[in-house]
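J.: One structure coming up, written as structure tokens, with questions to follow.
The values are calculated or read from the model by the stated rules, or taken from the named source; none is laboratory data. Quick caveat, the model's predicted, so the values are computed rather than measured. Note that we place each Cβ from the backbone using ideal geometry, even for glycine, and neighbour counts take in every protein chain shown. We work out accessible area using only protein heavy atoms, side chains counted, and drop any ligands, DNA or RNA first. Shrake-Rupley method; radii C 1.70, N 1.55, O 1.52, S 1.80 Å.
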Amino acid sequence: MSGSSSCWSICMSVKDRCPGPRGLLSLLITKAVLFALLFGVVWSITGRECLPGGNLFGIIILFISSVLGGKLVGLIRLPKLPPLPPLLGMLLAGLLLRNVPYVTEAVFINTHWSAALRNIALSIILTRAGLGLNPSALRRLKAVCVRVAVGPCMMEACVIAVVSHFLLRLPWIWGFILGFVLAAVSPAVVVPSMLLLQREGYGVEKGIPTLLMAAGSFDDILAITGFSTCLGIAFSTGSTWMNILKGLLEVVGGILAGLILGLFLCLFPSNDQEDLVLRRTLMLVGLSIFSVFFSHAVGFAGAGGLCTLVLSFLAALGWKSEKVAVAALVGQSWDVFQPLLFGLIGAEIVVTSLNPSTVGLGMACILVGLLIRLLVTFLLVHFGGFNLKEKVFIAVAWLPKATVQAAIGSKALDMAREEGDDAMVAFGLDVLTLAVLAILTTAPVGALGIGLAGPRLLACRVTAEETDGEAPPPSHNASNQEKASVTLESKL
């Protein structure tokens, strides 16, 4: 006993005379030890999986590279222009890891793991979409907002389907799959740009930033619904009419399942339980992921996405204002899966295996679709009370594509690989390639176009901060629509 006391006294004396490192040095040593300890524990459990060439090693390296790529692109700032979306850096990071010699061999990711992670990311995106919708905003949306949300998306999808059928020799149903993949606008690009213009007072008088932010989520939901329906038809067997019937059944079945699960979430867990927000979040995310994967397992792949949208929307109705805390936790999970999603999408593209004619003709399809989208958007806002410059700006702002393309662009390829049909795999690869090309071309061009066109085409008015806190009068129900739209779109 006396010996142990002596040892303790000696240790305390040494600690007093030689204090340990503090500050930055201590922080670096602590993080290095924690990382080494984490690696050691994972290695002791998984063995070679976490070493170079292993699946777990590839996922970790891809995640770290995607995060760093997004940070680097986010640091690029041009005067008086919105920042470039970080998702470009994430996408390029995966593309580089897949196509740099020697690195590709070390960074290996199993295709089943890749598909599963992308499906989880898709379920989180759809969950956030459902949580972000507001029924009061739906009722108050003006006709011009509905036209902007529906018209350009449907027209671009149909035009791309026709053009890709003749240029890329895609079957009609695969043409429509490609069309709906490319038709969705990207809130990840549009919303930050609109918020920047709104803060500076551009277009506020006519409610243009609010109009575009509110319409963006409905545009995406329409594209995802059309994609899911066409996907179900493409992978059905039997006659054409039976395939169409199955596609309709998937839509109806997905909505009904979403209604049932959404009502369940409204009741359970009850309000008197502890850790209510955490439990609601876990049940919501768990049911959403289960819906997406279960729909694949039973052969109704198109129903899972719709079910997730409906159940999250209905749950949010039941939770009312309490949904904000749940949406915040779901948003934190998106912060983890966003780098994985875009990194994995980039890693699917092998540059050396791309057919130059496919890339060239694919870009032609994208450009034709964008041209039609510009014209249709310009025409549909013609009776909305906007002048010529404002109509041109709305059309330009409706071009960028990114988030939805990354979420659903590889889904058809994953299903084709499960089927083992080489022809379908080729079609799925074409869809994914064009989705990546659309992101790489339209995301930066759209962000820069909005930043350059906004101050030149939109009228500027004095903001609330410049008038001693006197808020401007609402335009087009701007305040109500903005609350409904920013919740979802500022995170996607």
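J.: Could you report segment 39-139's accessible area per residue, 1.4 Å probe, as an integer in Å²?
T.: For segment 39-139, the solvent-accessible area averages 52 Å² per residue.
J.: Moving on. Could you list log10 I(q)/I(0) for segment 167-224 at q = 0.27 Å⁻¹, which the Debye formula gives when each Cα is one point scatterer?
T.: -1.01
J.: Given that compact globular proteins tend to follow 2.2 N^0.38 Å, what is the ratio of the alpha-carbon Rg of segment 286-440 to that value?
T.: 1.29
J.: Within the set K71/K323; K31/K71; K206/K323, which residue pairs have Cα atoms separated by over 27 Å?
T.: K71/K323; K206/K323
J.: Among residues other than F235 whose Cβ falls under 10 Å from its Cβ, what is the net charge (Lys/Arg +1, Asp/Glu -1)?
T.: -2
J.: Follow-up. First measure r as the distance between the Cβ atoms of M242 and A106, then evaluate 1/(1 + (r/R0)^6) with R0 = 41 Å and state the FRET efficiency to the nearest 0.05.
T.: 0.30
J.: Determine Rg/Rh for segment 54-109; Rg is computed over alpha-carbon atoms and Rh is the Kirkwood hydrodynamic estimate from the same atoms.
T.: Value, to two decimals: 1.11.
J.: Which sequence of S270, S321 reflects their accessible areas, 1.4 Å probe, from the largest down?
T.: I get S321, S270, largest accessible area first.
J.: Carbon-plus-sulfur fraction of the accessible area of segment 365-456, 1.4 Å probe, in percent?
T.: Exposed carbon and sulfur together represent 72 percent of the surface.
J.: Could you order peptides 112-121, 352-361, 189-198 by the average number of other Cβ atoms within 10 Å of their residues, highest first?
T.: Descending packing order for the listed peptides: 189-198, 112-121, 352-361.
J.: On to the next question. Averaging sequence separations of C-alpha pairs under 8 Å and six or more residues apart, then dividing by the length of segment 162-267, give the relative contact order as a whole percent.
T.: Relative contact order comes out at 26 percent.
J.: Could you look at segment 262-308 and say what percent of its accessible area is carbon and sulfur, using a 1.4 Å probe and all protein chains?
T.: With neighbouring chains kept in place, the figure for segment 262-308 is 71 percent.
J.: Here is a follow-up. Compute, for T30, the solvent-accessible surface of its heavy atoms (probe 1.4 Å) with the complete set of protein chains present, and express it in square angstrom to the nearest 10.
T.: That residue has around 70 Å² of solvent-accessible surface.
J.: Further, regarding this structure: Quickly rank 31-42, 168-179 as a protection proxy: mean count of other C-beta atoms within 10 Å, highest first.
T.: Descending mean neighbour count gives 168-179, 31-42.
J.: Could you put F383, F180 in order of accessible surface area, largest first, with the 1.4 Å probe and the full protein assembly present?
T.: Greatest to least solvent exposure: F383, F180.
J.: Ignoring ligands, DNA and RNA, please state the percent of accessible area on segment 66-214 from carbon and sulfur, probe 1.4 Å.
T.: The value for segment 66-214 is 70 percent carbon and sulfur by accessible area.
J.: Here is a follow-up. What whole-number value in Å² describes the accessible area per residue of segment 304-397 for a 1.4 Å probe?
T.: I get 41 Å² per residue for segment 304-397.
J.: While we're looking at this one, here's another question. What does the accessible area per residue of segment 140-199 come to in Å², with a 1.4 Å probe and no ligands, DNA or RNA counted?
T.: 33
J.: Keeping all protein chains in the complex and leaving out DNA, RNA and ligands, what accessible area do you get for K320 with a 1.4 Å probe, in Å² to the nearest 10?
T.: 150
J.: When only C-alpha pairs under 8 Å and at least 6 residues apart count, what is the relative contact order of segment 378-431, in percent?
T.: Worked out over segment 378-431, it gives 26 percent.
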